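Working notes, structure below.
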Amino acid sequence: MSITDAITAQIESAQQGDVFFVSDFAKSGNDVFISRVLSELVDNGKLDRLAIGIYYKPQSTDFGLLKPSVDQIVKAIARRDHAQVMPTGLTAENRLGLSTQVPMNYVYLTTGSARNIIIGNRKIVFKRCVPKNFAFKGELMPVLIQAMKSIGKKNVTEKQIDHIKGLLRKCPENETFEHDLALAPIWIKKILSKIQKELTL
């Protein structure tokens with residue numbers, strides 16, 4: 001089987017919406033040749049390009065091509081780089097429904113390299129951070145703490161408190177809650193501890 005056939009077969013066996021990088025085909029040949037093959041597959045409609053070096057298997061709908069979500073793209077990059085990632089700022093707020101504002105720049109903390117990736121009119125920003133930010137054991141709490149930091153101590157509304165209560169009710173993370181709470185700023189600890197007590201009454 002030729003290198004072109006091997007790459008084509010790998011893409012054809014993938015699911016629609018899957019994200020690919022040149023490095024995914026590193027065993028098939030050099031990067032320049034692989035990039036040329038991927039460009040040909042884009043021309044043939046078997047792939048579409050998201051950004052330089054980032055491709056996806058397109059899925060056609062009545063509304064056009066369905067592209068991978070930012071979250072899918074970020075997870076794919078994290079897998080490729082063997083890195084941990086976590087949404088921060090408005091990205092974290094939006095992820096948890098604490099803000100309805102859709103960010104133009106999606107910002108993530110990472111243990112990998114700092115970089116910016118342009119996807120259409122959006123930008124994905126990876127900020128390298130200290131390992132402490134990834135010392136959490138749960139999945140909800142680290143994102144919730146990042147979202148609350150973004151909102152700010154003096155700006156948290158009662159509506160947002162009620163929403164946080166709903167998040168913790170749905171995903172209590174009882175086994176990891178206290179561990180993760182200890183990593184939060186004092187003002188966030190007070191709010192979340194109070195909510196936790198109300199939920200256990």
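Considering only residues of region 1-35 that are in a loop (DSSP other than H, G, I, E, B) and touching a residue at least 12 places away in the same chain (Cβ under 8 Å), which is farthest from residue 60 (Cα to Cα)?
Per the stated criteria, the residue is 29.
Residue 14 - would you say it is closer than 30 Å to residue 139 by Cα, modelled with pLDDT of 90 or more and more than 19 Å from the chain's Cα centre (by Cα)?
yes
How about region 110-132: which of its residues are surrounded by 19 or more Cβ atoms within 10 Å (Cβ to Cβ), under 30 Å from residue 191 (Cα atoms) and touching a residue at least 40 places away in the same chain (Cβ under 8 Å)?
126
Residues of region 144-163 being at negative phi and either open to solvent by less than 60 Å² (accessible area, probe 1.4 Å) or modelled with pLDDT under 95 (or both), which ones?
144, 145, 146, 147, 148, 150, 151, 156, 160, 161
Taking only region 56-82 into account, find how many residues are touching a residue at least 24 places away in the same chain (Cβ under 8 Å) and of a type outside the set (D, E, K, R).
Summing the residues that are touching a residue at least 24 places away in the same chain (Cβ under 8 Å) and of a type outside the set (D, E, K, R) in region 56-82 gives 13.
Quick test for you: out of 10, 15, pick the one residue that is outside the structural domain of residue 77 (by the TED database) and surrounded by fewer than 11 Cβ atoms within 10 Å (Cβ to Cβ).
Exactly one of 10, 15 is outside the structural domain of residue 77 (by the TED database) and surrounded by fewer than 11 Cβ atoms within 10 Å (Cβ to Cβ), namely 15.
Only residues that are under 15 Å from residue 165 (Cα atoms), without any contact (Cβ under 8 Å) to a residue 40 or more places away in the chain and open to solvent by less than 70 Å² (accessible area, probe 1.4 Å): list them for region 181-191, please.
Scanning region 181-191 gives a single hit, 189.
Identify the single condition in (1) assigned by the TED database to the domain that holds residue 159; (2) under 16 Å from the mean Cα position of the chain (by Cα); (3) not acidic (Asp, Glu) that residue 100 does not satisfy, given that it satisfies every other one.
(2)
Taking region 86-109 on its own, how many of its residues are touching a Lys or Arg at 6+ places or on another chain (Cβ under 6 Å) and open to solvent by less than 40 Å² (accessible area, probe 1.4 Å)?
Final tally of qualifying residues: 2.
Working only within region 37-54, note down all residues that are part of a helix (DSSP H, G or I), surrounded by 12 or more Cβ atoms within 10 Å (Cβ to Cβ) and of a type in the set (D, E, K, R).
Listed by number, the list holds a single entry, 40.
Out of 57, 75, which single residue is over 30 Å from residue 167 (Cβ atoms), at pLDDT 90 or above and surrounded by 14 or more Cβ atoms within 10 Å (Cβ to Cβ)?
57
The values are calculated or read from the model by the stated rules, or taken from the named source; none is laboratory data. Please read these numbers as outputs of a predicted model, since none were measured by experiment. Glycine gets a Cβ as well: all are built from the backbone with ideal geometry, and neighbour counts include every protein chain shown. Ligands, DNA and RNA are stripped out before the accessible areas are found, and what is left, the full protein with its side chains, is counted by its heavy atoms. Shrake-Rupley method; radii C 1.70, N 1.55, O 1.52, S 1.80 Å.
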